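Notes for the one structure printed next.
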Amino acid sequence: MEIMKARTQPELMTVLKFLDKRMVLPVKNKQHIVSMEKGYEGEKRFDSLLGMAVQAEVLVLNDLLLSISDQSVQIDSLVITPETAYLYEIKNYRGDYQMKDRQLLTLSGKEIGNPLTQLTRTTSLLRQLFHQWHADIGVEGAVIYVNPTFTLYHASPKDPLILPNQIQAHFSKLDSQRVALNRNHRYLADRLLSKHRTDANFHQLIPDYDYHCLKKGITCVVCGSFDMEFTQRMGTCKSCHSKRAKEETVVQNIEEFRLLFPELKISRNIIHEWCGEKVSKERISFILSKKYTKKNHTTGAYYEWKESSLDDSLTNKRF
Ligand SMILES: [Zn+2]
């Protein structure tokens, strides 16, 4: 199994979580964080189940956002096997549900929607794209329910739904294919990757904020609390009791700043203020010159990110 596009925490979720610590977020944004967290947890569960079950040569592309025939297509996971590209829509619902007239409902009758509407559309658009590209490979789509507590009553065996107790058997089927991939499969995966784009609606889903309205201070990298205590080298969170090197905590807080304010220059003074003046300016200068590249040495020095100096997915985010 080769992961050609790894899954990372959604940027929108990262930004909203950072803002949630430092301002009062509208309820709809808070609810969005909770639903994104549930979804992301489910996607990671899917990745782990797939990783454990499939050893065969397949190509995996996660979180693809494509534009096909002017329509936006979002794919949670695409697994390219020699004969078929399996497209998965991953759901992390907990508890008991029922299917009635192709609608998914809770047992008390609350309508959740038709799980197959989106899947049918996505599958058909991907087939159309492969046809345009003359890619000789089938497309099969399925909605996969990964939470082990999920139970579905009255589901039709004909519907492309994979329930928790069917996941193992389904992945075993993928794993049993013994035909090798060829360079056409890889070419197809590369072509899909080059077509991937970032979400243009991203900014519309973030509330307005500016530097002055956000709470200043150093936050715990584990739980987000401002209740931190520092010694010479270590930082201890009084809320979750985690301990981290002071430098690591400061760098993570600088990275929060960088992600939230890509247009602002990173200077010693602004980071000193951003960190709530909890760390001396000398220490901030030391950390900045170690991890970042200094620009404009004479007057008004500022720092830019030194590529590859920190191996953390957070630092690769741009929007
Ligand atoms: Zn903490």
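Once you reduce the range 17-39 and the range 191-267 to the center of their Cα atoms, the two points are 14 Å from each other.
Counting Lys and Arg as +1 and Asp and Glu as -1 over every other residue whose Cβ lies under 13 Å from the Cβ of residue 56, the net charge comes to -2. Per residue, the chain reaches -11500 deg cm²/dmol at 222 nm when only DSSP H runs of four or more residues are counted, each adding -39500 (n - 2.57). The length gained on full extension between residue 37 and residue 110, counted as 0.36 nm times the residue separation minus their Cα-Cα distance, comes to 24.1 nm. Between residue 137 and residue 9, the C-beta separation translates, for a Förster distance of 22 Å, into a calculated FRET efficiency of about 0.15. Each of 143, 58 was scored by other Cβ atoms within 10 Å of its Cβ. Listed from fewest to most, they are 143, 58.
Calculated FRET efficiency, residue 289 to residue 261, Cβ-Cβ distance, R0 = 22 Å: about 0.60 to the nearest 0.05. Cysteines in the chain lacking any other cysteine Cβ under 4.7 Å from their own Cβ: 213, 275.
Backbone phi angles across the range 198-207, fed through the Karplus curve with coefficients 6.51, -1.76 and 1.60 (θ = phi - 60°), yield HN-Hα couplings of 8, 6, 6, 7, 3, 5, 5, 9, 10, x Hz in residue order; Gly and Pro are listed as x.
For residue 117 and residue 282, a Förster radius of 51 Å and the Cβ-Cβ distance give a FRET efficiency of 0.30, rounded to the nearest 0.05.
Residues in the range 235-251 carry Karplus couplings, in order, of x, 10, 8, 7, 7, 10, 6, 7, 10, 9, 4, 4, 4, 4, 5, 5, 4 Hz; the curve used is 6.51 cos²θ - 1.76 cosθ + 1.60 with θ = phi - 60°, and Gly or Pro positions show x. What is the sum of charges, Lys and Arg at +1 and Asp and Glu at -1, for the other residues whose Cβ falls under 15 Å from the Cβ of residue 114? Result for the neighbourhood of residue 114: +2. Would you look at the GNM of the chain, springs on alpha carbons closer than 10 Å, and say which of 300, 276, 113 moves the most? Of the options given, 300 has the highest mean-square fluctuation. Here the mean projected area of the convex hull built on the C-alpha positions of the range 210-316 is 6.7 nm². Between residue 229 and residue 296, the modelled labels are 4.0 nm apart [label points 7 Å from Cα along Cα→Cβ]. Exceedance of the 18 Å cut-off in Cα-Cα distance is limited, within the set 5/91; 17/38; 265/306; 17/238; 216/278, to 5/91; 17/238. Here the ratio of the Cα radius of gyration of the chain to 2.2 N^0.38 Å is 1.18.
Residues 77, 172, 108 in ascending order of nearby Cβ atoms (within 10 Å, fewest first): 108, 172, 77.
Is the shape of the range 1-160 rounded, prolate or oblate, going by the alpha carbon gyration tensor and its root eigenvalues a ≥ b ≥ c, with a/c under 1.5 for rounded and a/b larger than b/c for prolate? Cα axes put the range 1-160 in the oblate bin. Summing charges over all other residues whose Cβ lies under 15 Å from the Cβ of residue 73, with Lys and Arg as +1 and Asp and Glu as -1, gives +1.
Taking 54, 139, 27 as the candidate residues, the one with maximal mean-square fluctuation in a Gaussian network model of the chain, Cα springs under 10 Å, is 27. For the range 119-252, what does the alpha-carbon gyration tensor say about shape, rounded, prolate or oblate, given a ≥ b ≥ c as the root eigenvalues, a/c under 1.5 as rounded, and a/b over b/c as prolate? In terms of gyration-tensor shape, prolate. Springs between Cα atoms under 10 Å define the GNM used for the chain, and in it the highest mean-square fluctuation of 82, 157, 115 occurs at 157.
Read-outs throughout are calculated quantities, based only on the coordinates presented, and are distinct from any laboratory measurement. All values derive from a computational prediction rather than experimental measurement. Because the Cβ atoms are built from the backbone with ideal geometry, glycine has one as well, and the counts that use them run over all protein chains shown.
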